[in-house]
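S.K.: Structure provided below as structure tokens; questions to follow.
The values are calculated or read from the model by the stated rules, or taken from the named source; none is laboratory data. Note that the structure is a prediction, hence the values are computed from the model and not measured. Virtual Cβ from ideal backbone geometry, glycine too; neighbours counted across all protein chains shown. Please note that ligands, DNA and RNA were not included when accessible areas were found on the heavy atoms of the full protein model with its side chains. Shrake-Rupley method; radii C 1.70, N 1.55, O 1.52, S 1.80 Å.
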Amino acid sequence: MKKELKNLMIIAMEARNFSYCPYSNYSVGAALLCKNGRVVTGSNIENASYGATNCAERTAFFKAVSEGEKEFVAIAISGGAKGSESDSFAYPCGVCRQVMREFCDEDTFKIIVVKNEKEYEEYLLKDLLPKSFGPDNLSK
Ligand code: THU
């Protein structure tokens, strides 16, 4: 794996430290690599009204898009019990996959789920969200 993506994995693991997860005690960190080389982080932000919770991946995407970023290469995601090293892969939820689909090329955008520097899995968006509905469906 390229050094840039290894680095992205480390940033995602670090972003877990900023998770606000007093209800689930499950912290998630994400690091989103923009085409221009910028990395935007995100963490899950929970709410006493549970449905208002925002996932780490969407935090990263919404931060990035709201700051003018629109082209993305990859996202690294790491999740697990708050305060401990991740011991399972935190695959992105369906809503987060759909948000990725809005902004990313399904054939090239990489999703890397990370337990630690040695244990990770890499997918393309089309693998995790096959036969999807996207912007093209509405542009004809
Ligand atoms: N969570 C994420 O941040 N990303 C996902 O893709 C799945 C779930 C968060 C939401 C909630 O704060 C906690 O994990 C437990 O569901």
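S.K.: Ignoring the sites themselves, what is the longest stretch of the chain with no GluC sites (Glu not before Pro) in a DSSP loop and at most 15 other beta-carbon atoms within 10 Å?
M.R.: Counting only loop sites that pass the neighbour cut-off, the longest clear stretch is 1-66.
S.K.: If the reach is capped at under 30 angstrom between alpha carbons, list the lysines near Lys6, excluding any in the same chain fewer than eight residues apart.
M.R.: Cross-link targets: Lys35, Lys63, Lys70, Lys82, Lys110, Lys115, Lys118, Lys126, Lys131.
S.K.: If you don't mind, there's one more thing I want to ask. With point charges of +1 on the Cβ of Lys and Arg and -1 on the Cβ of Asp and Glu, referenced to the Cα centre of the stretch 1-57, which listed residue (Asn25, Thr53, Ser43) lies farthest in the positive direction of the dipole?
M.R.: The one lying farthest along the dipole's positive direction is Ser43.
S.K.: Among Val73, Val28, Val95, which one shows the biggest mean-square fluctuation in a GNM of the chain, springs joining Cα atoms closer than 10 Å?
M.R.: Comparing Val73, Val28, Val95 in the GNM, the peak value goes to Val95.
S.K.: While we're looking at this one, here's another question. With an 8 Å Cα cut-off and a minimum separation of 6 or more residues, compute the relative contact order for the stretch 1-75 in percent.
M.R.: Details: 139 pairs, mean separation 21.3, N = 75.
It comes to 28 percent, rounded to a whole number.
S.K.: Using the crude model of +1 on Lys and Arg Cβ and -1 on Asp and Glu Cβ, and no other charge, please compute the dipole size for the chain relative to its Cα centre, in debye to 20. Intermediate values should be presented prior to the final figure.
M.R.: Working: 18 positive and 19 negative charges, 25 e Å.
Dipole magnitude for the chain comes out near 120 debye.
S.K.: List the relative contact order of the stretch 13-117 as a percent without decimals, with contacts defined as Cα pairs under 8 Å and 6+ residues apart.
M.R.: Values: 223 pairs, mean separation 28.1, N = 105.
With pairs under 8 Å counted, the relative contact order is 27 percent.
S.K.: Right, something else. What's log10 of I(q)/I(0) for the stretch 23-67 at q = 0.26 Å⁻¹, Debye sum over Cα points only, no solvent?
M.R.: Treating every Cα as an identical point scatterer, log10 I(q)/I(0) equals -0.87.
S.K.: Using helices alone, I'd like the mean residue ellipticity at 222 nm for the chain: each DSSP H run of four-plus residues gives -39500 (n - 2.57), total over residue count, nearest 500. It would help to have the intermediate numbers written out before the result.
M.R.: Details: 4 runs with 38 residues, N = 140.
One gets -8000 deg cm²/dmol as the mean residue ellipticity at 222 nm.
S.K.: For the stretch 87-103, just list the computed ³J(HN,Hα) in residue order, Karplus coefficients 6.51, -1.76 and 1.60, θ = phi - 60°, integers in Hz, with x standing in for Gly and Pro.
M.R.: 10, 8, 7, 9, 6, x, 5, x, 5, 5, 4, 5, 5, 4, 4, 5, 10
S.K.: Follow-up. Non-local amide H neighbours of Asn44 (under 5 Å, H modeled in plane, Pro and chain starts lacking H): which ones?
M.R.: Counting only residues 5 or more places away or on other chains, the set is Tyr20, Val28, Ala56.
S.K.: Related question: Tell me the per residue accessible area of the stretch 79-140 using a 1.4 Å probe; a whole number in Å² is fine. If you can, show how the numbers build up before the last one.
M.R.: Numbers: 3750 Å² over 62 residues.
Per-residue accessible area for the stretch 79-140 comes out at 61 Å².
S.K.: Moving on. Once you charge only the Cβ atoms, +1 for Lys and Arg and -1 for Asp and Glu, what is the size of the charge dipole of the stretch 71-140 about its Cα centre, to the nearest 20 debye? If you can, show how the numbers build up before the last one.
M.R.: Values: 9 positive and 13 negative charges, 53 e Å.
Here the size comes out at about 260 debye.
S.K.: Give me the percent of the accessible area of the chain that comes from carbon and sulfur atoms, probe 1.4 Å, all protein chains in place. Please report the intermediate quantities before stating the final value.
M.R.: On the way: 3890 of 7610 Å².
Carbon with sulfur: 51 percent of the solvent-accessible area.
S.K.: When the scattering of the chain is computed by the Debye formula from its Cα atoms alone, each counted once and equally, what is log10 I(q)/I(0) at q = 0.14, 0.22 Å⁻¹?
M.R.: Calculated log10 I(q)/I(0) at the listed q: -0.59, -1.39.
S.K.: To the nearest 20 debye, what is the magnitude of the charge dipole of the stretch 1-59 about its Cα centre, counting +1 on the Cβ of each Lys and Arg and -1 on the Cβ of each Asp and Glu?
M.R.: My answer is approximately 340 debye.
S.K.: Among Gly83, Gly42, Gly29, which one shows the highest mean-square fluctuation when the chain is modelled as a Gaussian network with alpha-carbon springs under 10 Å?
M.R.: Its mean-square fluctuation being the largest, the pick is Gly83.
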